[in-house]
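Undergrad: What follows is a single structure, and I will ask about it in a moment.
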Amino acid sequence: MSAATSNMADAAGVPIMLTELRLPTIKRLWTDLAEQSNREGWPAERFLGALLGHEIAERETRRLIRARADSQLPLGKHLAQFDFSVVSTISKAHVIALAEADSWLTQGHNLLAFGPPGVGKTHLVAGLGHALIDRGHRVLFMRTSEMVQRLQAARRDLRLPAELNKLDRFDLLILDDLSYARRDQAETSVLFELIAERYERKSIAITANAPFSAWDEVFPDKAMTVAAVDRLVHHATILEMNVESYRRRAALPARPRGAAKTK
Ligand code: ADP
Ligand code: MG
């Protein structure tokens, strides 16, 4: 190696310029790939292509791992594990289309999944969340009660706008289990502010046991209920899952095909 070249390279033979950039994969693979390239007489494009290809692939893997950890999505609840055949009220094609389309997220449209306990609302919405992360979107999954607590704490510390702003980096916010325990005014108003803040900009997915008729009990103030529901449904996909509980179905012994229901 000439003196001039060695001046521009560190101990591993990586050009100094590259070691200053954050290119950990290139740094790690440089020597081996350069040796292989010299040995096998690769054209320059092939060497450069291989090096950059590895860097980009590992960067994408790291991004996915980080996004999935940040999302707090329940592990293992993917669409691939969801049996659509037991939920006759929703179409698999429709859900797959939501998982593969970006336009509803870029337009801040919402998703509402209704149904009694155990029908797979959380699993389905979490599965969508995982699929959207794979497509490069940012998703945050949280129980609604936990989100309300977080926002209330922020309001107490006079940093509610900052907290709402922080949630803006998520393209989709999943609020799981909007429950009907009557809440006090302060609790519900932070939820309303979240909904109003994201309206027509960033998407929200909500799972709930009952559709809107019962939401008066979520927002004690009638005007606030109307305003919240209005914003949520203005651009929304509604998945009605009024089927038998998957948990209960799984707990029962299998009925022979075509057998009549026991009375
Ligand atoms: P919900 O949120 O409606 O109360 P969950 O999504 O928590 O229901 O579902 C209850 C359990 O049953 C979970 O373990 C979930 O993975 C499973 N489950 C529900 N529906 C399905 C389905 N269609 N296919 C596979 N697993 C399901
Ligand atoms: Mg649930």
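Undergrad: What is the set of long-range amide H partners of LEU111 at a cut-off below 5 Å, with H atoms built 1.01 Å from backbone N?
TA: Excluding prolines and chain starts, which carry no amide H, the hits are ILE204, ALA205, ILE206, THR237.
Undergrad: Note down the magnitude of the dipole of the chain about its Cα centre, charges +1 on Lys and Arg C-beta and -1 on Asp and Glu C-beta and zero elsewhere, to the nearest 20 debye.
TA: Around 940 debye, computed over the chain.
Undergrad: Rounded to whole Hz and in sequence order, give me ³J(HN,Hα) for the range 102-112 from the Karplus expression 6.51 cos²θ - 1.76 cosθ + 1.60, θ = phi - 60°, writing x for Gly and Pro.
TA: Residue by residue, the range 102-112 yields 9, 5, 5, 6, 5, 9, x, 7, 10, 9, 10 Hz.
Undergrad: Could you pull the Cα extents of the chain along its three principal axes, largest to smallest, in whole Å?
TA: 86, 59, 29
Undergrad: Given the Cα-Cα distance of ARG68 and ALA196 and 0.36 nm per residue of separation, how much length would full extension add, in nm?
TA: 43.4 nm
Undergrad: Relative to the longest principal axis of the C-alpha atoms of the chain, give the angle of the C-alpha long axis of helix 185-198, reported between 0 and 90° and rounded to the nearest 10°.
TA: 50 degrees
Undergrad: Give the shape of the range 21-71 as rounded, prolate or oblate, defined through the alpha-carbon gyration tensor: a ≥ b ≥ c are the square roots of its eigenvalues, a/c under 1.5 means rounded, and otherwise the shape is prolate if a/b is larger than b/c and oblate if not.
TA: Because a/c hits 1.5 or more and a/b exceeds b/c, the range 21-71 counts as prolate.
Undergrad: Now for a different question. Figure the gain on full extension for ALA210 and ARG28 (residue separation times 0.36 nm, minus the Cα-Cα span) and round it to one decimal in nm.
TA: Full-extension gain reported as 60.1 nm.
Undergrad: Where does helix 222-234 land angle-wise versus the long Cα axis of the chain, in degrees 0 to 90, nearest 10?
TA: Between the helix axis and the principal axis of the chain, the angle is about 50 degrees.
Undergrad: Still on this structure, please answer the following. Given labels modelled 7 Å from the Cα in the Cβ direction, how far is it in nm from ARG169 to THR89?
TA: 3.7 nm
Undergrad: Here is a follow-up. Which residue, GLU240, GLU217, GLU45, tops the fluctuation ranking in a GNM of the chain built on C-alpha contacts under 10 Å?
TA: With Cα springs under 10 Å in the chain, the top fluctuation among GLU240, GLU217, GLU45 is at GLU45.
Undergrad: For the range 21-71, what is the accessible area per residue in Å², given a 1.4 Å probe and the full set of protein chains?
TA: On a per-residue basis, 69 Å².
Undergrad: Still on this structure: Among ALA50, SER85, SER71, flag the residue with its Cα farthest along the positive direction of the charge dipole of the range 1-149, charges on Cβ as +1 for Lys/Arg and -1 for Asp/Glu.
TA: It is SER85.
Undergrad: Summing +1 for each Lys or Arg and -1 for each Asp or Glu, what net charge is found among the other residues whose Cβ lies under 13 Å from the Cβ of PRO116?
TA: +1
Undergrad: By DSSP, what percent of the beta bridges with both residues in the chain are antiparallel, rounded to the nearest 5?
TA: Within the chain, antiparallel bridges account for around 5 percent of the total.
Undergrad: Taking Cα atoms, how many degrees apart are the long axis of helix 121-134 and the longest axis of the chain, rounded to 10 and kept between 0 and 90?
TA: Long axis of 121-134 versus the principal axis of the chain: about 20 degrees.
Undergrad: What order do you get for 117-126, 52-61 when each peptide is scored by the mean count of other beta carbon atoms within 10 Å, highest first?
TA: Result, highest mean Cβ count within 10 Å first: 117-126, 52-61.
The values are calculated or read from the model by the stated rules, or taken from the named source; none is laboratory data. As the structure is a prediction and not an experimental result, all values here were calculated from the model. Cβ: placed from backbone, ideal geometry, glycine included. Neighbour counts: every protein chain shown. The accessibility values were calculated without ligands, DNA or RNA, using every heavy atom of the protein model including side chains. Shrake-Rupley method; radii C 1.70, N 1.55, O 1.52, S 1.80 Å.
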